[in-house]
Amino acid sequence: MSKRVLITGAAGFLGMHAVIACLKAGYKVTGVDDLNDFTYGADLKFDRLSVLGIDPSSLAQSTYAKSGNFEFHVFDLADTPTVEAMILDGDFDLILHFATLTSIKAATLSPSVFFKANVNGLESILEGIRALRGHRPRLICASSAAVYGDSRGPLLIEEDKNLLKPASIYATSKLMGEQLCEVYGRLYNIKSINMRIFNVYGPYMRPDTLVFKLERLLQSNDPLDLYNEGKSTHDFIYIDDFIEALSCLINIEEDKLTTSEIFNIGSAKAVSVNDVIKKMEYLSGKKLDIYQCQSPKGEIGNIISCNEKFLRYFKLAPRVSFDEGLDVFHRWAQSFLNNKNKYFKNL
């Protein structure tokens with residue numbers, strides 16, 4: 001009998017690739033997404049759904065579509081009764097909670113929208129699991145490395161709460177999600193895993209991220225507003241390595257986990273923004289016009305994943321180098337982005 005998985009944010013970057021991986025593994029997949037265009041144009045989400053076999057035009061008059069072992073629903077996770085009903089009826093073995101709003105700038109402008117999406121949405125999932133009287137699914141949630149804020153410790157160890165210094169509304173909402181999972185675990189014995197995700201990149205990634213932004217500006221010959229003279233460093237992990245890490249967490253034996261686990265998911269390697277610019281310029285054969293700007297409030301850099309815990313559990317390190325992953329992304333973008341300016345709405 002096939003296992004069943006619920007994936008929230010199924011039309012997102014991580015969600016789409018998780019759906020593909022779970023279908024390949026033989027799961028029956030139920031996907032949920034509200035298809036909002038709050039932080040970037042929804043057309044990219046429709047294109048991701050097309051990759052998953054869903055005809056976006058079928059959603060014009062319906063909130064449901066199906067393709068093979070993948071069924072897709074459109075609704076807002078803050079609608080707790082609907083979420084509870086889906087979890088009660090779904091008999092899921094696994095819930096991957098990727099639905100989130102992700103933008104430091106947009107969160108600063110609209111805090112309530114982010115708390116509703118990132119906190120209330122997760123609460124709906126936890127309430128749905130709490131209502132179950134029998135078998136409970138494994139819950140894996142997408143948190144963010146942003147919860148570390150401007151921590152300057154040499155090692156970002158998951159269990160050291162002194163390192164948690166969120167510098168933005170977005171980061172605060174993700175930390176609140178982790179805390180919700182911890183409390184529900186303690187009070188209701190709901191087990192969860194939170195992934196503190198660093199910068200995942202690859203085909204179909206969000207267009208408001210550094211790598212995608214550079215690709216777009218180089219194609220359009222527009223200038224770049226550069227923060228901190230490009231000296232900030234980031235930790236980048238390619239989407240295939242992220243999916244391998246996720247697979248490890250999906251398949252780990254239950255007795256190896258505490259009620260509420262947290263894992264850093266990154267490459268543990270630092271790449272400066274200036275280096276990213278040079279690599280993208282080389283791939284495109286163009287030079288960027290650059291304007292030096294002050295960093296917006298809440299923007300962080302120079303935090304690098306500590307992968308010691310993940311390596312201790314799984315003995316698996318990322319395999320795709322940044323140069324290799326960037327080349328794959330660039331070739332995808334070159335062939336895919338013609339006449340795709342609709343992706344960049346609200347950026």
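Quick one: how many residues across segment 82-100 are buried (at least 21 other Cβ atoms within 10 Å of the Cβ) and out of contact with any Leu (no Cβ under 9 Å at 6 or more places or on another chain)?
0
Just give me the residues in segment 295-314 being at pLDDT 95 or above and among the charged types (D, E, K, R), in sequence order.
Passing the criteria: 308, 309, 312.
Only one of (1) closer than 30 Å to residue 180 by Cα; (2) touching a strand residue (DSSP E or B) at 6+ places or on another chain (Cβ under 9 Å) fails for residue 288. Which number is that?
Condition not satisfied by residue 288: (1).
How many residues are out of contact with any Ser or Thr (no Cβ under 9 Å at 6 or more places or on another chain), surrounded by fewer than 16 Cβ atoms within 10 Å (Cβ to Cβ) and closer than 22 Å to residue 270 by Cβ when one looks only at segment 294-315?
Within segment 294-315, residues that are out of contact with any Ser or Thr (no Cβ under 9 Å at 6 or more places or on another chain), surrounded by fewer than 16 Cβ atoms within 10 Å (Cβ to Cβ) and closer than 22 Å to residue 270 by Cβ number 4.
Within segment 230-259, take every residue that is among the polar types (S, T, N, Q) and either touching a Pro at 6+ places or on another chain (Cβ under 9 Å) or closer than 19 Å to residue 146 by Cβ (or both) and give me the one that is surrounded by the fewest Cβ atoms within 10 Å (Cβ to Cβ).
Restricting to residues being among the polar types (S, T, N, Q) and either touching a Pro at 6+ places or on another chain (Cβ under 9 Å) or closer than 19 Å to residue 146 by Cβ (or both), the top hit is 233.
Right, residue 13: closer than 26 Å to residue 114 by Cα, modelled with pLDDT under 95 and hydrophobic (A, V, I, L, M, F, W, C) or not?
Judged against the criteria, residue 13 is not a match.
For segment 280-298, check the following and say yes or no: at least one residue is hydrophobic (A, V, I, L, M, F, W, C) and within 17 Å of residue 317 (Cβ to Cβ).
no
If we scan segment 63-78, do we find a residue that is out of contact with any helix residue (DSSP H, G or I) (no Cβ under 7 Å at 6 or more places or on another chain), farther than 22 Å from residue 171 by Cα, part of a helix (DSSP H, G or I) and not small (Gly, Ala, Ser)?
So far as segment 63-78 goes, no, none of its residues is out of contact with any helix residue (DSSP H, G or I) (no Cβ under 7 Å at 6 or more places or on another chain), farther than 22 Å from residue 171 by Cα, part of a helix (DSSP H, G or I) and not small (Gly, Ala, Ser).
Can residue 151 be described as over 26 Å from residue 308 (Cα atoms) and hydroxyl-bearing (Ser, Thr, Tyr)?
No; evaluated as a whole, the condition is false for this residue.
The values are calculated or read from the model by the stated rules, or taken from the named source; none is laboratory data. Given the structure is predicted, the values throughout are model-derived calculations rather than measurements. Every residue, glycine as well, gets a Cβ built from its backbone with ideal geometry; the counts of neighbours run over all protein chains shown.
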